[in-house]
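In what follows, a structure is listed as structure tokens, so that the remarks can point back to it.
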Amino acid sequence: MTQFPYPLQVQTFRNLLKACIAQKDLLTGKTLHALYLKNTLFFPPFTITYLSNHFTLLYSKCGSLRTAQSSFHLTQHPNVFSYNTLLNAYAKHSLTHLAHQLFDEIPQPDLVSYNTLIAAYADRGQCGPSLRLFQEVRQVGLDPDGFTLSGVITACGDDVVLVRQLHCFVVLCGYDSYASVNNAVLACYSRKGFLNEARRVFREMGEGGGMDEVSWNAMIVACGQHREGKEAVGLFREMVRMGLRVDMFTMASVLTAFTCMKDLAGGMQFHGMMIKSGFHGNAHVGSGLIDLYSKCAGGMVESRKVFEEITSPDLVLWNTMISGFSQHEDLSEEGIWCFQEMQRGGFRPDDCSFVCVISACSNLSSPFVGKQVHALTIKSDIPYNHVSVNNALVAMYSKCGNIHDARRVFDMIPEHNTVSLNSMIAGYAQHGIEVESLRLFELMLHKDIAPNGITFISVLSACAHTGKVEEGQKYFNMMKEKFEIEPEAEHYSCLIDLLGRAGRLKEAESVIETMPFNPGSIEWAALLGACRKHGNVELAVKAANEFLRLEPYSAAPYVMLSNMYASASRWEEAAKVKRLMRERGVKKKPGCSWIEIDKKVHVFVAEDTSHPMIKEVYEYMEEMLRKMKQAGYVPDVRWALVKDEEVAAAEKERRLLYHSEKLAVAFGLISTEDGMPILVAKNLRICGDCHNAIKLISAITGREITVRDAHRFHCFKEGCCSCKDYW
């Protein structure tokens with residue numbers, strides 16, 4: 001092609017380029033681009049900018065940002081479309097700072113320019129810049145459209161007062177005829193817990209005729225999130241009755257409703273209907289099914305079956321599988337394996353992939369694997385400042401016992417949002433650094449970053465773990481009075497824990513009795529834990545019975561009550577609880593502790609004999625016991641939980657010495673250099689004797705020892721623990 005007899009070959013060239021963009025065919029597109037650059041002189045002048053713009057669009061859609069930038073800079077006479085194409089590429093890569101710089105360079109930005117930048121800020125939940133751009137749109141004389149308003153409303157979704165103001169503006173100015181705007185308002189109301197307002201918006205859309213399939217799907221999801229499953233299914237039936245097109249998004253929305261309600265039986269029936277309708281092989285619907293089974297079926301067996309039935313899994317489906325594994329701590333290693341398999345299959349991880357696999361690393365308390373994934377995010381195309389990935393990294397480092405690196409990542413985030421602050425507040429709360437946790441919360445309020453329900457769970461937890469009862473009650477009341485957040489089961493559980501830990505058991509019981517909804521197992525478990533701490537057996541029996549009524553096959557209430565009876569030397573009652581547990585086929589989760597040394601995880605159980613270095617570990621512990629006794633240590637044999645007449649005092653001491661957390665600590669000390677901090681994880685709550693012993697071990701060895709148990713971190717240093725013995 002040395003000459004282009006206009007118009008035939010130029011038109012053919014344009015069609016080929018359009019086909020490459022539509023099919024995201026980067027290789028053919030690059031070939032066309034090379035041909036174009038060699039023969040630019042043969043193209044009519046008025047096609048030059050058009051073709052340059054479309055090459056930039058091709059690279060943008062194929063995820064090749066640097067090449068898109070080069071293509072843009074090679075455009076001799078860029079127009080507003082040229083700028084908008086690269087602006088959209090920056091927005092999709094969450095590079096809002098570059099997007100705004102480019103926006104400022106546009107000679108005369110049009111409405112598409114504004115909408116693209118507003119949408120970029122909306123994706124990051126940045127309300128302020130979106131509102132300023134919206135104000136500028138009106139000042140320069142442009143008429144906002146549905147995309148403008150829906151973007152601004154989405155950006156301000158965390159501030160329900162502002163959303164209401166924008167909703168008023170929408171109605172007064174006649175923008176409520178746009179389905180996309182109403183859908184954004186509906187979704188915001190639903191997400192903030194205002195289901196009735198969402199219903200009203202939906203109803204008014206129906207009356208005005210401005211409702212589309214997205215509106216129905218959004219309302220179905222809203223009902224599911226608020227556990228109004230019957231209403232969600234009823235809406236789906238109404239869609240079918242009205243002859244509206246039911247697509248994969250509708251099916252996924254109904255599945256979301258079943259998942260939010262934890263209605264496995266209903267979800268399985270719906271799955272059967274989808275098989276008959278031919279939707280079960282669809283990757284998008286498959287993601288909804290995997291999410292349902294992973295959250296409601298107690299494992300990943302059914303999720304695997306769904307995944308294997310889908311012939312062409314996409315990136316979203318892989319991400320859902322990784323997320324499913326990461327939700328089950330004992331399957332987190334398989335989540336990492338799934339991430340590796342996804343890469344072997346030719347998929348490039350996106351931000352969601354990294355968030356899911358980082359969550360799996362958090363469950364494993366594996367600093368080495370977590371740092372590997374962190375390095376991979378830096379090497380990938382994900383922007384270094386991508387907020388969701390950095391939020392996950394903050395949570396991961398916190399859960400791996402490295403609160404300092406968590407703070408370093410947090411400080412590197414250019415603009416903190418609610419999730420960023422939640423992650424750091426939760427990290428400090430788990431580590432018992434309540435001063436920093438509450439300081440960050442106050443900073444959040446000072447910066448007008450709206451807290452959500454998750455924020456208050458972390459804040460209440462920080463108060464509970466440090467005995468700040470009055471402060472905790474103040475924050476609990478603040479939820480509804482100041483932020484219009486209705487307390488949920490988790491918040492009441494934190495309040496019960498707060499009062500119970502402080503010994504105010506009657507007040508804790510009163511909270512359960514006066515809750516606006518029926519207490520669930522989580523509230524009774526909090527009260528039962530407080531009874532164990534303070535030895536109130538009678539109230540513990542009541543809490544355990546209520547817990548068992550709700551979850552008869554959960555091992556926790558049996559074990560806690562049996563241990564309480566044993567601690568009080570009420571052996572007959574303890575035996576009765578254990579016998580009932582056996583009769584019902586309930587099995588206690590075996591306690592174990594693990595430590596990662598030189599990229600390998602070493603697991604220990606009580607009185608372990610399987611580890612290849614167990615002899616050296618036992619010898620070390622016996623020598624350490626001698627040193628601890630010289631320092632004043634007296635084994636607390638109550639934690640042996642056996643009758644005095646059955647086992648001698650010396651045997652009780654021996655059993656305590658070989659608890660799994662002590663063995664893991666000992667192995668860590670003999671396997672690492674002097675002065676190195678060590679991290680041990682345990683799947684159950686740390687025992688009281690081990691807590692006392694490890695405090696002394698940290699003083700004797702001069703080591704910093706962190707133990708992560710099922711509830712929190714205990715950071716032992718120089719004979720003290722970060723929990724200040726309030727746990």
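Answer with yes or no whether residue 375 is surrounded by 24 or more Cβ atoms within 10 Å (Cβ to Cβ) and part of a helix (DSSP H, G or I).
Values: surrounded by 24 or more Cβ atoms within 10 Å (Cβ to Cβ): no; part of a helix (DSSP H, G or I): yes.
Spelling it out, it is not the case that residue 375 is surrounded by 24 or more Cβ atoms within 10 Å (Cβ to Cβ) and part of a helix (DSSP H, G or I).
Report yes if residue 684 is under 25 Å from residue 329 (Cα atoms) and assigned to a strand (DSSP E or B), otherwise no. Outline the logic, then answer.
Values: under 25 Å from residue 329 (Cα atoms): yes; assigned to a strand (DSSP E or B): no.
In short, no.
Conditions (1) within 30 Å of residue 154 (Cα to Cα); (2) of a type in the set (Asp, Glu); (3) surrounded by 18 or more Cβ atoms within 10 Å (Cβ to Cβ); (4) modelled with pLDDT under 90, marked per residue:
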position	(1), (2), (3), (4)
33	no, no, yes, yes
39	no, no, no, yes
60	yes, no, yes, yes
87	yes, no, yes, no
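Out of all the residues in the range 87-100, is one or more among the aliphatic types (A, V, I, L, M), free of Cβ contacts under 8 Å to residues at least 12 places away in the same chain and in a helix (DSSP H, G or I)?
Scanning the range 87-100 turns up at least one residue that is among the aliphatic types (A, V, I, L, M), free of Cβ contacts under 8 Å to residues at least 12 places away in the same chain and in a helix (DSSP H, G or I).
Restricting to the range 340-367, count the residues that are part of a helix (DSSP H, G or I) and either under 13 Å from the mean Cα position of the chain (by Cα) or free of Cβ contacts under 8 Å to residues at least 24 places away in the same chain (or both).
Matching residues across the range 340-367 total 17.
Quick grid of which residues meet (1) surrounded by fewer than 23 Cβ atoms within 10 Å (Cβ to Cβ); (2) not in a helix (DSSP H, G or I):
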position	(1), (2)
396	no, no
405	yes, no
439	yes, no
444	yes, no
450	yes, yes
459	no, no
464	no, no
476	yes, no
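How many residues, within the range 336-359, are surrounded by fewer than 17 Cβ atoms within 10 Å (Cβ to Cβ) and not charged (D, E, K, R)?
5
With (1) without any contact (Cβ under 8 Å) to a residue 60 or more places away in the chain; (2) under 19 Å from the mean Cα position of the chain (by Cα) as the list, and residue 329 as the residue in question, which single condition is left unmet?
The failed condition is (1).
So in the range 307-335, with the set limited to residues that are surrounded by fewer than 24 Cβ atoms within 10 Å (Cβ to Cβ) and among the aliphatic types (A, V, I, L, M), which one is farthest from residue 250 (Cα to Cα)?
331
For the range 643-663, check the following and say yes or no: at least one residue is crowded, with 22+ Cβ neighbours inside 10 Å and in a loop (DSSP other than H, G, I, E, B).
For the range 643-663, residues crowded, with 22+ Cβ neighbours inside 10 Å and in a loop (DSSP other than H, G, I, E, B): present.
The rows are residues; the columns are (1) assigned by TED's automatic domain parsing to the domain that holds residue 690; (2) more than 24 Å from residue 559 (Cβ to Cβ); (3) in contact with a strand residue (DSSP E or B) (Cβ under 6 Å, 6 or more places away or on another chain).
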| site | (1), (2), (3) |
| --- | --- |
| 602 | yes, yes, yes |
| 607 | yes, no, no |
| 614 | yes, yes, no |
| 631 | yes, yes, no |
| 639 | yes, no, no |
| 651 | yes, no, no |
| 662 | yes, no, no |
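Tally time: how many residues in the range 552-577 are of a type in the set (Lys, Arg) and within 21 Å of residue 527 (Cα to Cα)?
Total satisfying the criteria: 1.
Within the range 82-108, track down each residue that is of a type outside the set (Ser, Thr, Tyr), touching an Asp or Glu at 6+ places or on another chain (Cβ under 9 Å) and under 24 Å from residue 46 (Cα atoms).
Residue satisfying the conditions is 84 alone.
Could you figure out which of (1) within 20 Å of the chain's Cα centre (by Cα); (2) part of a helix (DSSP H, G or I); (3) surrounded by fewer than 21 Cβ atoms within 10 Å (Cβ to Cβ); (4) at pLDDT below 90 isn't true of residue 256?
Among (1) within 20 Å of the chain's Cα centre (by Cα); (2) part of a helix (DSSP H, G or I); (3) surrounded by fewer than 21 Cβ atoms within 10 Å (Cβ to Cβ); (4) at pLDDT below 90, residue 256 violates only (3).
Pairs needed: first member in the range 267-292, under 16 Å from residue 256 (Cβ atoms); second member anywhere, among the polar types (S, T, N, Q) and in a helix (DSSP H, G or I); C-beta distance under 6 Å; at least 6 residues apart or different chains.
Cβ pairs passing all conditions: 287/320; 290/303; 290/320; 291/259; 291/320; 292/259.
Is at least one residue of the range 552-564 part of a helix (DSSP H, G or I), touching a residue at least 40 places away in the same chain (Cβ under 8 Å) and closer than 20 Å to residue 656 by Cα? Break it down into steps so the answer makes sense when it comes.
Step one: list which residues in the range 552-564 are part of a helix (DSSP H, G or I), which gives 555-564.
Next, only the ones that are touching a residue at least 40 places away in the same chain (Cβ under 8 Å) stay: 563.
If we keep only those that are closer than 20 Å to residue 656 by Cα too, we end up with 563.
Yes.
Quick check on residue 170: is it in contact (Cβ under 8 Å) with a residue 24 or more places away in the chain and β-branched (Val, Ile, Thr)?
The answer is no for residue 170.
Take the conditions farther than 16 Å from residue 29 by Cβ, in the same structural domain as residue 36 (by TED's automatic domain parsing), surrounded by fewer than 17 Cβ atoms within 10 Å (Cβ to Cβ) and under 37 Å from the mean Cα position of the chain (by Cα) and apply them to residue 93. Does it pass?
The answer is no for residue 93.
Anything in the range 372-390 that is touching a Phe, Trp or Tyr at 6+ places or on another chain (Cβ under 9 Å), over 19 Å from residue 329 (Cβ atoms) and without any contact (Cβ under 8 Å) to a residue 60 or more places away in the chain? List them, or say none.
The first filter runs over the range 372-390 and keeps only residues touching a Phe, Trp or Tyr at 6+ places or on another chain (Cβ under 9 Å), leaving 373-374, 376-378, 380, 382, 386, 388-390.
From what's left, over 19 Å from residue 329 (Cβ atoms): 374, 376-378, 380, 382, 386, 388-390.
Within the range 372-390, 374, 376, 377, 378, 380, 382, 388, 389, 390 qualify.
Of the residues that make up the range 140-160, is at least one of a type in the set (D, E, K, R), modelled with pLDDT under 90, out of contact with any strand residue (DSSP E or B) (no Cβ under 6 Å at 6 or more places or on another chain) and buried (at least 20 other Cβ atoms within 10 Å of the Cβ)?
Looking for residues that are of a type in the set (D, E, K, R), modelled with pLDDT under 90, out of contact with any strand residue (DSSP E or B) (no Cβ under 6 Å at 6 or more places or on another chain) and buried (at least 20 other Cβ atoms within 10 Å of the Cβ), one finds none in the range 140-160, hence no.
Filter the range 665-686 down to the residues that are within 29 Å of the chain's Cα centre (by Cα) and of a type in the set (A, V, I, L, M, F, W, C) and list them by number.
Those that are within 29 Å of the chain's Cα centre (by Cα) and of a type in the set (A, V, I, L, M, F, W, C): 678, 679, 680, 681, 684, 686.
Scan the range 571-609 residue by residue and report those that are part of a loop (DSSP other than H, G, I, E, B) and either touching a Pro at 6+ places or on another chain (Cβ under 8 Å) or surrounded by 14 or more Cβ atoms within 10 Å (Cβ to Cβ) (or both).
584, 586, 591, 592, 605, 606, 607, 608, listed by residue number.
Residues 678, 670, 697: which one is closer than 24 Å to residue 367 by Cβ, among the β-branched types (Val, Ile, Thr) and surrounded by fewer than 16 Cβ atoms within 10 Å (Cβ to Cβ)?
670
What is the number of the single condition among (1) closer than 20 Å to residue 68 by Cβ; (2) in a helix (DSSP H, G or I) that residue 109 does not meet?
(2)
Yes or no: residue 18 among the charged types (D, E, K, R), modelled with pLDDT of 85 or more, surrounded by fewer than 16 Cβ atoms within 10 Å (Cβ to Cβ) and touching a Cys at 6+ places or on another chain (Cβ under 8 Å)?
Taking the combined requirement at face value, the residue does not satisfy it.
Select from the range 285-329 the residues that are acidic (Asp, Glu) and in a helix (DSSP H, G or I) and write down the one among them that is modelled with the lowest pLDDT.
Of the range 285-329, the ones acidic (Asp, Glu) are 291, 302, 308-309, 314, 329.
If we keep only those that are in a helix (DSSP H, G or I) too, we end up with 291, 302, 308-309, 329.
Working: 291: 92, 302: 92, 308: 91, 309: 89, 329: 83.
Step by step, filter the range 285-329, then rank; the result is 329.
Kindly provide the set of residues from the range 493-517 that are out of contact with any Cys (no Cβ under 7 Å at 6 or more places or on another chain), farther than 12 Å from residue 464 by Cα and part of a helix (DSSP H, G or I), ordered by number.
Passing the criteria: 506, 507, 508, 509, 510, 511, 512, 513, 514.
The values are calculated or read from the model by the stated rules, or taken from the named source; none is laboratory data. The shown structure was predicted, so the numbers you read here are calculated from the model rather than taken from an experiment. Methodologically, a virtual Cβ is constructed for each residue, glycine included, from the backbone with ideal geometry; neighbour enumeration extends over all protein chains shown.
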